[in-house]
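Here's the structure we're looking at; comments come further down.
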Amino acid sequence: MSPGNPLGVLGRVSANRPAPSGGERCDMCAEDIGAEHAHVVDVVGRGLMCTCRPCYLLFTAEHAHLRYRAVPDRYLSFPDFALGDRQWDELEIPVGLAFFLPNSALGRTVAFYPGPAGATESELPLGAWDAIVAANPALRLIAPDVEALIVRMPDGRGARAAAHLVPIDRCYELVGALRMTWRGFDGGQEARRFLDAFFTDLAERSRPAPDEVPR
């Protein structure tokens with residue numbers, strides 16, 4: 001799998017993080033850091049790095065052309081998110097949960113969904129994702145490489161999909177947890193309970209996305 005593929009990183013969550021031995025260390029300066037710490041993305045290598053606060057602050061400039069970018073702590077909800085069953089089917093994603101990651105190196109949005117073997121990449125059909133963004137202009141707020149859109153489709157027809165803009169490290173967390181709990185094709189009861197709790201947490205953290213979005 002090529003270094004430029006974000007799934008190459010998402011699929012190796014446990015391998016990218018050293019096992020804690022008396023506490024984690026900053027991947028940049030080797031200082032001790034606590035369990036709750038910030039992260040920085042290696043845009044070139046697609047790695048997620050655990051960092052201390054001083055190292056994290058070095059890479060917070062939003063428009064700087066840097067190899068490393070700090071992962072922001074931003075959560076947004078999309079109460080009026082428009083995505084029907086037919087549009088979801090057009091994305092050719094076989095399960096009701098997916099992550100959409102704008103990738104600056106590839107110049108496009110990459111989607112992946114969970115399954116028994118971990119995260120699976122989905123090649124978005126030409127125009128399908130663009131049509132969803134056109135119907136939901138607030139999706140343009142997603143910062144490439146460091147933020148993602150998580151979408152969970154409802155179990156019943158006619159209900160509205162749940163959609164949240166989240167820091168990319170929450171995708172790492174979710175992929176790792178689902179890999180441990182996933183059973184069968186649809187994940188099983190344990191995975192569904194985890195997803196319910198995960199999306200409840202996202203709802204509590206999120207504020208509604210603004211109506212006016214710059215193009």
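Structure summary
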quantity: Tabulated pairs, the range 72-95, first modelled with pLDDT under 90 and open to solvent by 40 Å² or more (accessible area, probe 1.4 Å), second charged (D, E, K, R) and not in a helix (DSSP H, G or I), C-beta under 7 angstrom, 6+ apart or interchain; calculated: D85/R157
quantity: Index of the failed condition, Y113 passing every other in (1) under 17 Å from the mean Cα position of the chain (by Cα); (2) over 19 Å from D155 (Cβ atoms); calculated: (2)
quantity: Considering residues of the range 1-46 that are among the basic types (K, R) and modelled with pLDDT under 85 only, the residue surrounded by the most Cβ atoms within 10 Å (Cβ to Cβ); calculated: R46
quantity: Which numbered condition G184 misses (of (1) farther than 16 Å from L76 by Cα; (2) within 12 Å of the chain's Cα centre (by Cα); (3) open to solvent by less than 60 Å² (accessible area, probe 1.4 Å); (4) not hydrophobic (A, V, I, L, M, F, W, C)); calculated: (2)
quantity: Condition met for M49 (in contact with a His (Cβ under 7 Å, 6 or more places away or on another chain) and at pLDDT 90 or above); calculated: yes
quantity: Pairs, first in contact (Cβ under 8 Å) with a residue 60 or more places away in the chain in the range 33-49, second open to solvent by less than 20 Å² (accessible area, probe 1.4 Å) and part of a loop (DSSP other than H, G, I, E, B), C-beta under 7 Å, six or more apart; calculated: H39/V71; V41/V71; V41/D145; V41/V146; V43/D145
quantity: Scan of the range 196-210 for residues that are open to solvent by 80 Å² or more (accessible area, probe 1.4 Å) and in contact with a Phe, Trp or Tyr (Cβ under 6 Å, 6 or more places away or on another chain), ordered by number; calculated: R205
quantity: Residue in the range 110-140 that is farthest from V151 (Cα to Cα), counting only those that are open to solvent by 30 Å² or more (accessible area, probe 1.4 Å) and of a type in the set (S, T, Y); calculated: T120
quantity: Unmet requirement for A161, which otherwise passes all of (1) open to solvent by 40 Å² or more (accessible area, probe 1.4 Å); (2) more than 16 Å from the chain's Cα centre (by Cα); calculated: (1)
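The values are calculated or read from the model by the stated rules, or taken from the named source; none is laboratory data. Keep in mind that this is a model prediction, so the values were computed, not measured. Here Cβ is always computed from backbone atoms with ideal geometry, including for glycine, and neighbour counts include all displayed protein chains. Just so you know, the surface numbers come from the protein's heavy atoms only, side chains and all, with ligands and any DNA or RNA stripped out. Shrake-Rupley method; radii C 1.70, N 1.55, O 1.52, S 1.80 Å.
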